[in-house]
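Single-structure report; data block below.
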Amino acid sequence: KNFENIKIGILLLLVGGVRKKTEENISLRGNINIGLLGNLFFDKNQLLKSFFEFFSRTILVSGKTSTSGGLTASILKDYEKNNFSIQAGALMLADKGVCFIEHLDKLKFKNQLSIYEAMEHQIISVAKANIKATLNARSSIFATIDLEKREYNKTINMQKNSGLNFSIFS
């Protein structure tokens, strides 16, 4: 019974849900995202890495060093050909798979906002250097989050316990 609920949640993430359309023709994502919140003494990242190594079609990134371009997509200029191209970020590379993010709480606020569109709508929009594109990012996210304080405070919500932007939890 050790971490049974966590293991069930991870299994559901890996199996995934069913993409649906409402009567109003609005698409609802079927992917499941998990944020594993715990103190520094609970080895969340080791659990994350063990699942990362076990499954194919996965990408592992660190919130400590990731940028919005590295997570979503960036535009690169090819000086020899004098044109621009799109470079896929982790969420695009994990399309139809799982993107594992260590230390999501260490991700800068503006970079947290950049992954919201991918989490909610399963796409990444790019509009730079005369390039406009909508790219698929149909990946699930499994992230580890450290507590703001030493222990979880049941009297406050997850946002305050983690210090993360509220939209991440929607």
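The values are calculated or read from the model by the stated rules, or taken from the named source; none is laboratory data. Values in this document were obtained by computation on a predicted structure and should not be read as measured data. Every residue, glycine as well, gets a Cβ built from its backbone with ideal geometry; the counts of neighbours run over all protein chains shown. Remember, those area values only see protein heavy atoms, side chains included, never the ligands or the DNA or RNA. Shrake-Rupley method; radii C 1.70, N 1.55, O 1.52, S 1.80 Å.
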(request) For segment 8-45, enumerate the residues that are open to solvent by 80 Å² or more (accessible area, probe 1.4 Å) and closer than 20 Å to Tyr152 by Cα. (result) Leu40, Phe41, Asp43
(message) Take the residues in segment 136-170 that are of a type in the set (D, E, K, R) and within 20 Å of Ile115 (Cα to Cα); name whichever of them is surrounded by the fewest Cβ atoms within 10 Å (Cβ to Cβ).
(response) Lys160
(message) Where the second residue is among the basic types (Lys, Arg) and open to solvent by less than 80 Å² (accessible area, probe 1.4 Å) and the first is touching a residue at least 12 places away in the same chain (Cβ under 8 Å) and within 22 Å of Leu104 (Cβ to Cβ) and lies in segment 24-35, which pairs have Cβ atoms under 7 Å and are six or more apart or on separate chains?
(response) Asn31/Arg138
(request) Of the conditions (1) part of a loop (DSSP other than H, G, I, E, B); (2) in contact (Cβ under 8 Å) with a residue 60 or more places away in the chain; (3) polar (S, T, N, Q), Ser66 clears all except one; give me its number. (result) (2)
(request) Assess whether Lys96 counts as being open to solvent by 60 Å² or more (accessible area, probe 1.4 Å), modelled with pLDDT of 85 or more and at positive phi. (result) yes
(request) Check Asp105 against each of (1) assigned to a strand (DSSP E or B); (2) within 13 Å of the chain's Cα centre (by Cα) and name the one condition it does not meet. (result) (1)
(request) State which residue pairs qualify: first residue touching a residue at least 60 places away in the same chain (Cβ under 8 Å) and inside segment 43-58, second residue part of a helix (DSSP H, G or I) and surrounded by 12 or more Cβ atoms within 10 Å (Cβ to Cβ) in any location, beta carbons under 7 Å apart, and separation of 6 or more residues or different chains. (result) Phe51/Ile10
